[in-house]
Amino acid sequence: GAGVSQTPSNKVTEKGKYVELRCDPISGHTALYWYRQSLGQGPEFLIYFQGTGAADDSGLPNDRFFAVRPEGSVSTLKIQRTERGDSAVYLCASSLNSRGAQETQYFGPGTRLLVL
Amino acid sequence: SQKIEQNSEALNIQEGKTATLTCNYTNYSPAYLQWYRQDPGRGPVFLLLIRENEKEKRKERLKVTFDTTLKQSLFHITASQLADSATYLCALPMDSSYKLIFGSGTRLLVRP
């Protein structure tokens, strides 16, 4: 594909609701990352996938957050029982293969989540 | 804990001048450092990577330095243009791996 895409671009929900955020990485990229960015801050790491498996989910703030990547391509970030503090921009990035690191990560435009 | 600091105040410069942005880090010895550009409503876009054994890296009007003794990187944009106005983020790999720690970014405003 042309780049990383994320849907929806904006999501408004009410406190306590469940939301799903979708990420389509660049075709052929095996590594996929989710970050969260609050206003005036840099992106904060949440979770990293290598292929279908979550290789590192140490950045997920609590067990209300969960992410999947069942076929090693599209990923979905799921947030249960949303709280107002979850409001942020959720960014997805992909890279060709993170083994060996020092790889460029390509970011999507983000999903702006607002919890009322 | 690992910490990255970027000047939170916006840098306001005149078109044609050189912009210099600073990234300082503590409690850390990264193998490399990256700089990204972020426009409002967009995700970060990778600009440059500099490794710990490199003192300087250039790409067109961009220049990055990396001083592992001072634990500092400087990012220069020469002959700045109005289109260079954006937020610039530095990022370091956590645990010498794929996980990136980002600074909070410095907003650059280039005026005519």
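Values in this text are rule-based calculations from the coordinates and carry no lab data. Note that this is a predicted model, so its numbers are computed, not measured. Reconstructed Cβ throughout: ideal geometry from the backbone, glycine too, with neighbour counts over all protein chains shown.
I need the calculated FRET efficiency for the pair B:Thr68 and A:Arg81, taking r as the beta carbon distance and R₀ as 41 Å, to the nearest 0.05.
Numbers: r = 44 Å, r/R0 = 1.08.
FRET efficiency, B:Thr68 to A:Arg81: 0.40.
From largest to smallest, what semi-axes in whole angstrom does the protein assembly as shown give when each is the square root of 5 times an eigenvalue of its alpha carbon gyration tensor?
Values for the protein assembly as shown, descending: 30, 20, 16 Å.
So which chymotrypsin sites (Phe, Trp or Tyr not before Pro) in the range B:8-112 end up in coil per DSSP with only 12 or fewer other C-beta atoms within 10 Å?
When the chymotrypsin sites (Phe, Trp or Tyr not before Pro) of the range B:8-112 are filtered for loop state and at most 12 Cβ neighbours within 10 Å, nothing remains.
Relative to the compact-globule scaling 2.2 N^0.38 Å, provide the ratio for the alpha-carbon radius of gyration of chain B.
1.01
Sequence-distant or interchain residues sharing an amide H contact under 5 Å with A:Glu83, placed H: which?
A:Gly16
Name the residues whose placed amide hydrogens come within less than 5 Å of the amide hydrogen of B:Lys99, ignoring near sequence neighbours (fewer than 5 apart) on the same chain.
When sequence neighbours closer than 5 places are left aside, the close amide H contacts are B:Met94.
Of the cross-linked pairs B:Lys3/B:Lys99; A:Lys15/A:Lys78; B:Lys3/B:Lys71; A:Lys17/A:Lys78; A:Lys15/B:Lys99; B:Lys3/B:Lys63, which ones have a Cα-Cα span greater than 19 Å in the structure shown?
Long pairs (Cα-Cα over 19 Å): A:Lys15/B:Lys99; B:Lys3/B:Lys63.
Along the principal axes of its C-alpha atoms, what lengths does chain A span, in descending order and rounded to whole Å?
Cα extents, longest axis first: 40, 26, 25 Å.
What is the calculated FRET efficiency for B:Gln2 to B:Arg111, with r their C-beta to C-beta distance and R₀ = 30 Å, to the nearest 0.05?
0.30
Tell me the label-point distance for the pair B:Thr78, A:Val68, using the 7 Å Cα-to-Cβ offset, in nm and rounded to one decimal.
Each label point lies 7 Å from its Cα, and together they span 5.3 nm.
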